[in-house]
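Asker: Attaching a single structure in structure tokens format; questions to follow.
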Amino acid sequence: MSVILWFIVIYLLFRFIFKFVIPLISATRTVRSRVDEMRQSMEGRQNHNGSYSNEENTDYSKNESKPAKSKGDYIDFEEIK
């Protein structure tokens, strides 16, 4: 009786390992590799565009529009017929 119980426990343990643990490890490795690829791609883009970003930031800071002064709660409008 005890031998049958041990076989059942071993069977369930192997089934758990091969149906849950190994696919989980595989998925984790795949996700990590994809995240690393994305990170390297983004770093490459930032390094490539780094020389342009300083020039663009200065141009945008000069051309910022000033917020309109509010005259109250109501906005003037023209009636369209």
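Asker: How many nm is it between the label spots at Glu78 and Ile4, if each spot is 7 Å from the Cα in line with the beta carbon?
Answerer: 9.4
Asker: Give me the net charge for the shell around Ile22: Cβ to Cβ below 14 angstrom, other residues only, Lys and Arg +1, Asp and Glu -1.
Answerer: +3
Bear in mind that the values in this text are calculations on the coordinates, not laboratory data. These figures come from a predicted structure and were not determined experimentally. Positions of Cβ are generated from backbone atoms using ideal geometry, with glycine treated the same way; all protein chains shown enter the neighbour counts.
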